[in-house]
Amino acid sequence: MKNAALDNKTIMVCVTGQRSCDQLIARGVERRGEKGKVHVVHCVETGKNFMNTPFESDAIEYLFTAAQLAGAELSLIRTQDVEDTIVEFAKEKQADVIVLGAPGRQSGAETLSMRLQRRLPDVEFDVVSAAR
């Protein structure tokens, strides 16, 4: 799954509907190198609002613009199983690095990033803490 050249990395950025997605996309661009690719993906369970806001169209437009300005490809995916979809997307795009936000407070439960790391052992994970 790894690209040979250091400046030719395929970066997958997992975002949510939050405005902090800019920080994650910026990290993806930073990790990409000169000739790499950035794929921004937002997955949501079927039947749920894409951006977790009543202003969904504005939020989608904001996310599209943020990805476009970064030179990234944006994929919005509805799915029955978010975790499985992220794993398949990472394999399809041959991701070298997955950038995602740090989870909120967890009470001992295994986080999505931990489960993804177990399922994608050849992919590097860059978990970004929210800016304070």
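The values are calculated or read from the model by the stated rules, or taken from the named source; none is laboratory data. Values in this document were obtained by computation on a predicted structure and should not be read as measured data. In this analysis, Cβ positions are derived from the backbone assuming ideal geometry, glycine residues included, and neighbour counts consider all displayed protein chains. Each accessible area value is taken on the protein alone, full model and side chains, heavy atoms only, with ligands, DNA and RNA left out. Shrake-Rupley method; radii C 1.70, N 1.55, O 1.52, S 1.80 Å.
Of (1) at positive phi; (2) modelled with pLDDT of 90 or more, residue 47 satisfies all except one. Which?
(2)
Identify all residues within the stretch 1-35 that are modelled with pLDDT of 75 or more, among the small types (Gly, Ala, Ser) and closer than 15 Å to residue 74 by Cα; write none if there are none.
Scanning the stretch 1-35 gives 26, 28.
If you check residue 76 against the conditions, is it out of contact with any Pro (no Cβ under 8 Å at 6 or more places or on another chain), at pLDDT 85 or above, surrounded by fewer than 16 Cβ atoms within 10 Å (Cβ to Cβ) and not polar (S, T, N, Q)?
In short, yes.
Condition (residue is among the charged types (D, E, K, R), open to solvent by 30 Å² or more (accessible area, probe 1.4 Å), within 23 Å of residue 10 (Cα to Cα) and modelled with pLDDT of 85 or more) applied to the stretch 94-106: is it met by at least one residue?
no
Across the stretch 9-42, what is the number of residues that are more than 21 Å from residue 85 (Cβ to Cβ), buried (at least 20 other Cβ atoms within 10 Å of the Cβ) and touching a helix residue (DSSP H, G or I) at 6+ places or on another chain (Cβ under 8 Å)?
1
Restricted to the stretch 68-86, and to residues that are more than 11 Å from the chain's Cα centre (by Cα) and in a helix (DSSP H, G or I), which residue is nearest to residue 46 (Cα to Cα)?
By that ranking, first place goes to 82.
Please state which one of 67, 130, 109 is within 21 Å of residue 9 (Cβ to Cβ) and either at pLDDT 90 or above or out of contact with any Lys or Arg (no Cβ under 8 Å at 6 or more places or on another chain) (or both).
67
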